[in-house]
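Report on the structure given below.
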Amino acid sequence: MTETELKYLRVLQPFFKGKMGAWQVGDVCWHRGGIIHLTDREIYSDSAQEILAEPSTLRLPLPIDPVNPERGLWGMVEGNGKHLSNHCGRENDPFRFSIEGKERWEEAKHFFGATPSEAILKALCAQEGLEVEG
């Protein structure tokens, strides 16, 4: 998890809560510098409920959710064609996430990141009209 990814994840939390709904088994969160994978036992414990209720706890959607695609980052991006590629000639941002336009004549939009998730997070912020400082 990079600092840049954390910045984007913080800004997108209200969007994620709306898309993902209630916490589910298999969800992942960031809490006090660590990653927690929610299991059957953890999700129903009182201590886990306290952690999940804390405003500083961040939802970490999977890049691609194989069980519920609409709860993964890829599935949250609106668009007809989505493409992820690497080695795009940028030293610090080698990953490019591209979204094809809805109409044939529309130009594709491209978002670059140091990791695949960072590139998709940038696309989601642009889609939702959210800006990240720094």
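The values are calculated or read from the model by the stated rules, or taken from the named source; none is laboratory data. What you are looking at is a predicted structure, and each value in this text was computed from that prediction instead of being measured. Neighbour counts are summed over all protein chains in view; Cβ atoms, including those assigned to glycine, are modelled from backbone coordinates with ideal geometry.
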For region 1-10, enumerate the residues that are in a helix (DSSP H, G or I), surrounded by fewer than 17 Cβ atoms within 10 Å (Cβ to Cβ) and either under 12 Å from the mean Cα position of the chain (by Cα) or in contact (Cβ under 8 Å) with a residue 12 or more places away in the chain (or both). 6, 7, 10
For region 17-76, the count of residues that are assigned to a loop (DSSP other than H, G, I, E, B) and among the acidic types (Asp, Glu) equals 3
Restricting attention to region 71-94, the residues that are surrounded by 11 or more Cβ atoms within 10 Å (Cβ to Cβ) and either farther than 25 Å from residue 106 by Cα or of a type in the set (Asp, Glu) (or both) number exactly 4
Go through (1) part of a loop (DSSP other than H, G, I, E, B); (2) under 23 Å from residue 7 (Cα atoms); (3) of a type outside the set (Val, Ile, Thr); (4) at pLDDT 90 or above for residue 98 and report which single condition fails. (1)
Between 130, 124, which is modelled with pLDDT of 95 or more and in a loop (DSSP other than H, G, I, E, B)? 130
Here are the criteria: (1) of a type in the set (A, V, I, L, M, F, W, C); (2) more than 24 Å from residue 133 (Cβ to Cβ); (3) not in a helix (DSSP H, G or I). Tell me which single one residue 112 does not satisfy. (2)
Just checking, does region 15-37 include any residue being closer than 26 Å to residue 133 by Cβ, touching a residue at least 60 places away in the same chain (Cβ under 8 Å), out of contact with any strand residue (DSSP E or B) (no Cβ under 6 Å at 6 or more places or on another chain) and surrounded by 12 or more Cβ atoms within 10 Å (Cβ to Cβ)? yes
When you look at residue 56, is it among the polar types (S, T, N, Q), crowded, with 17+ Cβ neighbours inside 10 Å and either in contact with a His (Cβ under 6 Å, 6 or more places away or on another chain) or farther than 18 Å from residue 121 by Cα (or both), yes or no? no
Name the single residue that is nearest to the chain's Cα centre (by Cα) among those in region 96-134 being among the acidic types (Asp, Glu) and surrounded by fewer than 18 Cβ atoms within 10 Å (Cβ to Cβ). 128
Residue satisfying condition, being assigned to a helix (DSSP H, G or I) and among the charged types (D, E, K, R), within set 118, 91: 118
